[in-house]
Amino acid sequence: MRRLFWVGVGVVVTVVVVQRGRKIVAQYAPEAVVDRAERAAQDAGRRAETFVATFRREFSQARSAREAELTAALLAEGQPDPDDVRASGLRPADLRGGPGRARHAAPERHPDPEAEIAADEADLGYSF
């Protein structure tokens, strides 16, 4: 109980000292110093806001450009852009051959390995 009492006394003393200190600082601080500090704080806030807005804009532009590069690198020659396919309203089943095609059917075997690779690339839509 004694410890709790002294903790309470410490809190009260701290609050009183802070309040009195603020009054003393306000009493002895020249108005010009206070005004300058306020202007400096507002200016720093504006600079930070400008920096964040510029950073977000440049980051978004760079991200969009890099996404376009990666998409172009992954698409096979002649393959439509995924955004265009989504915008056209086609479903994935339309691109795979429709619902009549078995999902896990054995692939057709071609006697020519090049024809087999071309068939795989046509199904997958990309090439390495």
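The values are calculated or read from the model by the stated rules, or taken from the named source; none is laboratory data. Keep in mind that what you see is a predicted model, and the values were worked out from it rather than measured. Note that we place each Cβ from the backbone using ideal geometry, even for glycine, and neighbour counts take in every protein chain shown. With ligands, DNA and RNA removed, areas are computed over all heavy atoms of the protein, side chains included. Shrake-Rupley method; radii C 1.70, N 1.55, O 1.52, S 1.80 Å.
Quick notes
- Only one entry of F5, F51, F55, F59 meets the criterion of being over 25 Å from the mean Cα position of the chain (by Cα), open to solvent by 70 Å² or more (accessible area, probe 1.4 Å) and hydrophobic (A, V, I, L, M, F, W, C), and that entry is F5.
- Considering only residues in segment 95-119 that are assigned to a helix (DSSP H, G or I) and open to solvent by 70 Å² or more (accessible area, probe 1.4 Å), the one that is modelled with the lowest pLDDT turns out to be R96.
- Test: residue in segment 26-46 that is within 28 Å of D123 (Cα to Cα), part of a helix (DSSP H, G or I) and open to solvent by less than 90 Å² (accessible area, probe 1.4 Å): no
- Near pairs, Cβ below 9 angstrom, 6+ apart or cross-chain, from segment 9-29 (modelled with pLDDT under 90) to any residue that is of a type in the set (V, I, T) and assigned to a helix (DSSP H, G or I): A26/V34
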